[in-house]
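Report on the structure given below.
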Amino acid sequence: MTSRTASGAGMAGRAFLVGAGPGDPDLLTLKAARLIGEADVLLFDSLVGREILALAKPGARLVDVGKRCGRPSAQQAAINRLIATHARAGRMVVRLKGGDPFVFGRGGEELASLRAAGVAVEVVPGITTALAVGAALQVPLTHRGMARGLHLLTAHTREGELPAHDWTALARGGTLAIYMGVRTLPLLAARLLTAGMAPETPAIAVQSVTLPEERRIPGTLADIADRVAAAGGEGPTLVLIGEIAAMALPAAGTSWVAAA
Ligand SMILES: C[S@@+](CC[C@H](N)C(=O)[O-])C[C@H]1O[C@@H](n2cnc3c(N)ncnc32)[C@H](O)[C@@H]1O
């Protein structure tokens, strides 16, 4: 296998921003798995599981820098400094993030900070949750005649509020993949309804996709927020809204929260 290193002539140290995918270690890229095994220091988020961390080499330093759902800037600044400090000390640093580093992963901020610190960085993509949910449900996220676009949305601003998306545009169709949406789901659904999306539009929430504890909660735009609240559960949750969600069928070995 070709071994590539982080680029950046004249820079001190190197670091890798690596996507760990949705949880199942089999969904790591080969490159991610290799880098995890080579790293001297691994800084990981709370959504990165033990099976993935077990790929680290003996003696590697594993640092949990995780905090689910939004991170205060001060803590993010400390993470940025930590990566740069280890990299400049000549250690191979892998910053491991759930899903993809550049999809609601604050990878852009870390990249900018490392560049400013003179650290060479390479970014390794991971499977973002929306794609993993589509595959797990066997639901195409775009589908001819049914969904001509896919919107990846956060439902959570820095202050924990629902962001001011263009609800009218979003209500026109296509597939909506909602990240960090459990708390603001009632408001989000209300905004889409007000903007004209049909109440019977299919929706499905998936908790802990690709992990043994995965759960699926089907519903409609009108009732998905209530169903998710009633189902409870601690795992990270992604919500799909759009016609394609109706194509999800119960599969053997998966846990479904029954629709009424
Ligand atoms: C801070 S964002 C990180 C997204 C990540 N960078 C990605 O590309 O998937 C965290 C959100 O991603 C979603 N998420 C991450 N892992 C998940 C999983 N295994 N199952 C369901 N949702 C997940 C949830 O919406 C969670 O609140």
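Structure above, values below:
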| read-out | value |
| --- | --- |
| Pair list, Cβ under 6 Å, 6 or more apart: the range 235-256 residue assigned to a strand (DSSP E or B), other residue among the basic types (Lys, Arg) and at pLDDT 95 or above | SER255/ARG215; TRP256/ARG216 |
| Filter result (among the hydrophobic types (A, V, I, L, M, F, W, C) and either touching a residue at least 60 places away in the same chain (Cβ under 8 Å) or under 13 Å from LEU152 (Cα atoms) (or both)) within the range 114-133 | LEU114, VAL119, ALA120, VAL121, VAL123, VAL124, ILE127, ALA130, LEU131, ALA132, VAL133 |
| ALA169 being more than 14 Å from the ligand (Cβ to nearest atom), more than 18 Å from the chain's Cα centre (by Cα), surrounded by fewer than 19 Cβ atoms within 10 Å (Cβ to Cβ) and aliphatic (A, V, I, L, M) | yes |
| The range 124-154: number of residues that are hydroxyl-bearing (Ser, Thr, Tyr), in a loop (DSSP other than H, G, I, E, B) and within 14 Å of the ligand (Cβ to nearest atom) | 1 |
| Answer residue from the range 172-188, given it is on the phi > 0 side of the Ramachandran plot and either in contact with a helix residue (DSSP H, G or I) (Cβ under 7 Å, 6 or more places away or on another chain) or open to solvent by 20 Å² or more (accessible area, probe 1.4 Å) (or both) and is farthest from the ligand (Cβ to nearest atom) among those | GLY173 |
| Selection from the range 33-51 of residues that are under 20 Å from the mean Cα position of the chain (by Cα) and over 20 Å from TYR179 (Cβ atoms) | ALA33, LEU35, ILE36, LEU42, LEU43, ARG50, GLU51 |
| Test for MET247: is it in the same structural domain as MET146 (by TED's automatic domain parsing), away from the ligand (no atom under 13 Å from the Cβ) and surrounded by fewer than 22 Cβ atoms within 10 Å (Cβ to Cβ) | yes |
| Scan of the range 106-123 for residues that are assigned to a loop (DSSP other than H, G, I, E, B) and open to solvent by less than 50 Å² (accessible area, probe 1.4 Å), ordered by number | ALA117, GLY118, VAL119 |
| Positions within the range 16-56 being away from the ligand (no atom under 12 Å from the Cβ), outside any helix (DSSP H, G or I) and surrounded by fewer than 23 Cβ atoms within 10 Å (Cβ to Cβ), in sequence order | THR29, ASP40, VAL41, ALA54, LEU55, ALA56 |
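The values are calculated or read from the model by the stated rules, or taken from the named source; none is laboratory data. This one's a predicted model, so the numbers in the text were calculated from it and none came from an experiment. Every residue, glycine among them, receives a Cβ derived from its backbone with ideal geometry; neighbour counts consider all protein chains shown. Only protein heavy atoms, including side chains, enter the accessible area calculation; ligands, DNA and RNA are left aside. Shrake-Rupley method; radii C 1.70, N 1.55, O 1.52, S 1.80 Å.
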